[in-house]
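Rule-based calculations on the coordinates, nothing more; no lab input. Because the structure is a prediction, the values reported are computed rather than measured. Counting neighbours? That spans all protein chains shown, and the Cβs are built from the backbone with ideal geometry, glycine included.
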Amino acid sequence: MTNAISDDAVFGYARERYARIGVDVEAALSRLAAKPISMHCWQGDDVQGFDQGDNPASGGIMTTGNYPGRARNFSELTADFERAAEMVPGKKRVNLHASYAVFTEKNPWHDRDQLTYEDFEPWVAWASEHGYGIDFNPTFFSHPRVDHGLTVSSPNSDTRAFWVRHGLRCREIAERIGAELNDKVLLNFWIPDGLKDTPTDRYGLRANLLDSLSKIYAEDAPHVVDAFEQKVFGLGVEGFTVGDQEFYEGFAAKRGGNACVLLDTGHFNPTENVADKLSALALFFPYLPLHVTRPMHWDSDHVTLFNDDLRELAEEIVRVPGAWEKSLIGMDFFDAAINRVGAWAVGMRSMQKALLYALLQPVDTLKELQNEFRDTQKMIALEQLKVMPFDIVWDEYCRREGVPTDGELWDQVKAYEDEVLSKRN
Ligand code: RNT
Ligand code: ZN
């Protein structure tokens with residue numbers, strides 16, 4: 001079937017509609033194409049990693065579902081990642097976890113407190129080849145040395161020391177990756193430490209955490225952005241979380257330099273608005289790292305979708321002065337119940353969509369309406385934005401970026417499933 005109206009003509013119409021409300025579509029498209037989004041390696045293998053055998057993730061998190069085709073090693077995971085990335089417009093980074101150290105015959109397995117840069121060299125070579133920047137995370141979960149749900153905050157000094165060494169090694173590795181790539185690496189600490197039931201000594205555990213972090217962060221690491229990710233609770237540790245928002249904001253603010261807090265959109269109480277937090281943090285911190293996910297009732301890490309929460313987050317990234325540059329956007333979902341490559345693509349594309357939606361707004365006018373107390377007019381303007389011809393601009397962006405439009409996506413996902421994923425068992 002041939003189209004009665006060319007894609008160019010359709011796009012020209014949409015561009016004109018946006019111009020009439022004061023939005024420069026071309027400027028929005030070029031801005032978006034230059035903003036990297038960090039794609040998490042762990043969607044491809046259900047957060048299992050390579051260092052603990054074939055064991056499901058544990059330590060406060062869980063992946064559910066058993067769709068066929070999980071990536072089982074470095075070559076499968078990188079192949080799947082590439083296939084998903086080819087279906088996502090815009091710039092990509094890769095977000096790695098320490099549990100994805102690549103062990104070979106020449107570089108046999110060693111534990112997490114002994115990791116070195118060499119364990120990640122295959123990732124660095126692969127990422128450089130594809131032009132991806134790298135972000136990094138220590139892995140304080142899915143490991144036998146997690147003791148009663150605790151690592152660096154444990155009352156047991158051996159346990160603490162093991163995990164302090166892990167933190168130190170990861171910071172060295174991140175610093176080296178940044179130096180090799182001449183880039184800044186986001187090093188994000190999510191420490192799941194907590195208790196199943198009501199604590200009787202909160203202070204003691206938090207003092208241990210502070211002592212351990214002080215050791216891990218004693219040195220400067222100029223290529224690293226040091227981020228801390230709090231959480232309300234984890235599975236099996238519902239009673240208490242050692243590293244909460246107050247702890248990490250205090251720690252990061254006091255340390256200064258590149259230290260900051262990372263907001264995971266699934267880690268707050270359900271009625272808290274994560275988007276609302278950006279403008280406050282932007283006034284105090286040099287970076288705004290994010291884990292974008294879709295919680296359902298709990299931190300379920302469903303695939304991120306183009307919904308109201310995501311749009312509001314993207315609007316803050318665009319509206320808060322400096323937040324476009326300060327935001328380090330990373331994705332953090334893992335669904336094992338659907339095609340994992342499709343999940344990756346949809347989640348990443350949703351983030352891109354939300355940023356585009358936010359960029360296609362007359363930001364200065366909207367601010368003026370608020371500041372001049374023209375509230376009814378503001379309401380009408382926001383309602384109009386919801387029905388603008390957004391899909392046409394999105395399709396054009398996909399075409400320019402050489403990736404499938406939404407209408408073409410499933411066929412590509414299905415072809416990879418048939419050719420590659422369905423042959424794994
Ligand atoms: C867990 C945190 C954490 C992990 C990843 C694997 O609740 O969100 O960021 O999901 O590091
Ligand atoms: Zn997270």
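Are there any helices (runs of 4 or more DSSP H) wholly within region 326-401 with 1 or more residues that are among the aliphatic types (A, V, I, L, M) and surrounded by 22 or more Cβ atoms within 10 Å (Cβ to Cβ), and if so which?
Numbers: elements: 340-359, 363-371, 375-386, 390-400.
Ranges flagged: 340-359, 390-400.
Taking the condition outside any loop (DSSP other than H, G, I, E, B) and within 16 Å of ligand 2 (Cβ to nearest atom), does residue 99 pass?
Spelling it out, residue 99 is indeed outside any loop (DSSP other than H, G, I, E, B) and within 16 Å of ligand 2 (Cβ to nearest atom).
One line per residue, one yes/no per condition, for (1) over 30 Å from residue 34 (Cα atoms); (2) surrounded by fewer than 21 Cβ atoms within 10 Å (Cβ to Cβ); (3) not small (Gly, Ala, Ser):
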| position | (1), (2), (3) |
| --- | --- |
| 98 | no, no, no |
| 104 | yes, yes, yes |
| 110 | yes, yes, yes |
| 117 | no, yes, yes |
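Of all residue pairs spaced 6 or more apart or on separate chains, those with beta-carbon atoms under 8 Å, a first member in region 136-149 that is of a type in the set (A, V, I, L, M) and a second member that is in a loop (DSSP other than H, G, I, E, B) are 146/58; 146/59; 146/140; 146/192. The listed residues are 142, 212, 153, and the only one of them that is polar (S, T, N, Q) and within 16 Å of ligand 2 (Cβ to nearest atom) turns out to be 142.
Read through the list (1) away from ligand 2 (no atom under 14 Å from the Cβ); (2) within 20 Å of residue 113 (Cα to Cα), then give the number of the only condition that residue 223 fails. Just one mismatch for residue 223, condition (2). When region 294-315 is limited to residues that are within 13 Å of ligand 1 (Cβ to nearest atom) and assigned to a strand (DSSP E or B), the one that is nearest to residue 341 (Cα to Cα) turns out to be 302. Looking only at region 246-293, filter to residues that are assigned to a loop (DSSP other than H, G, I, E, B) and within 13 Å of ligand 1 (Cβ to nearest atom); which one of those is nearest to residue 218 (Cα to Cα)? The qualifying residue nearest to residue 218 (Cα to Cα) is 267.
The number of residues in region 267-282 being surrounded by 19 or more Cβ atoms within 10 Å (Cβ to Cβ) and more than 18 Å from residue 315 (Cα to Cα) comes to 1.
Only a single item in (1) among the hydrophobic types (A, V, I, L, M, F, W, C); (2) closer than 17 Å to residue 264 by Cα; (3) more than 16 Å from ligand 1 (Cβ to nearest atom) is not met by residue 337, and it is number (2). The residues of region 69-96 that are farther than 14 Å from residue 344 by Cβ, surrounded by fewer than 22 Cβ atoms within 10 Å (Cβ to Cβ) and among the hydrophobic types (A, V, I, L, M, F, W, C) amount to a single one, 74.
Annotation: of all residues in region 165-222 being basic (Lys, Arg) and assigned to a helix (DSSP H, G or I), the one that is nearest to residue 331 (Cα to Cα) is 171. Would you mind stating whether residue 135 is among the acidic types (Asp, Glu) and not in a strand (DSSP E or B)? For residue 135, the condition - among the acidic types (Asp, Glu) and not in a strand (DSSP E or B) - is not met. Here are some residues: 184, 196. Which one is touching a His at 6+ places or on another chain (Cβ under 9 Å), touching a residue at least 40 places away in the same chain (Cβ under 8 Å) and either within 16 Å of ligand 2 (Cβ to nearest atom) or closer than 25 Å to residue 122 by Cβ (or both)? One residue alone meets the criteria, 184.
Residues of region 42-61 being more than 10 Å from ligand 1 (Cβ to nearest atom) and under 20 Å from residue 138 (Cβ atoms), which ones? Within region 42-61, 44, 45, 46, 48, 50, 51, 52, 53, 55, 56, 58 qualify. Out of all the residues in region 63-81, which are of a type outside the set (A, V, I, L, M), at negative phi and not in a helix (DSSP H, G or I)? Listed by number, the residues that qualify are 63, 64, 66, 67, 68, 70, 72, 73. Just the residues that are more than 13 Å from ligand 2 (Cβ to nearest atom), more than 19 Å from residue 148 (Cα to Cα) and in contact with a Pro (Cβ under 8 Å, 6 or more places away or on another chain), please, taken from region 226-250. If the condition is that a residue be more than 13 Å from ligand 2 (Cβ to nearest atom), more than 19 Å from residue 148 (Cα to Cα) and in contact with a Pro (Cβ under 8 Å, 6 or more places away or on another chain), then no residue fits.
Figure legend. Inter-residue proximity from region 351-379: first residues touching a residue at least 60 places away in the same chain (Cβ under 8 Å), second residues assigned to a helix (DSSP H, G or I) and surrounded by fewer than 16 Cβ atoms within 10 Å (Cβ to Cβ), beta-carbon distance below 9 Å, spacing 6+ or different chains. Indicated pairs: 355/31; 359/27; 359/31; 361/382.
A quick yes/no check of all residues on (1) closer than 24 Å to residue 189 by Cβ; (2) of a type in the set (S, T, N, Q); (3) out of contact with any Cys (no Cβ under 8 Å at 6 or more places or on another chain); (4) in contact (Cβ under 8 Å) with a residue 40 or more places away in the chain:
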position	(1), (2), (3), (4)
257	yes, no, yes, no
260	yes, no, yes, no
274	yes, no, yes, no
287	yes, no, no, yes
321	no, no, yes, no
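All conditions in (1) farther than 29 Å from residue 379 by Cα; (2) away from ligand 2 (no atom under 16 Å from the Cβ); (3) touching a Ser or Thr at 6+ places or on another chain (Cβ under 8 Å); (4) among the charged types (D, E, K, R) hold for residue 340, with the sole exception of (3). Residues of region 210-232 being farther than 24 Å from residue 293 by Cβ and in contact with a strand residue (DSSP E or B) (Cβ under 9 Å, 6 or more places away or on another chain), which ones? Of everything in region 210-232, those that are farther than 24 Å from residue 293 by Cβ and in contact with a strand residue (DSSP E or B) (Cβ under 9 Å, 6 or more places away or on another chain) turn out to be 213, 216, 217, 221, 223.
Based on what the data block shows, is residue 152 among the β-branched types (Val, Ile, Thr) and over 30 Å from residue 404 (Cα atoms)? Yes.
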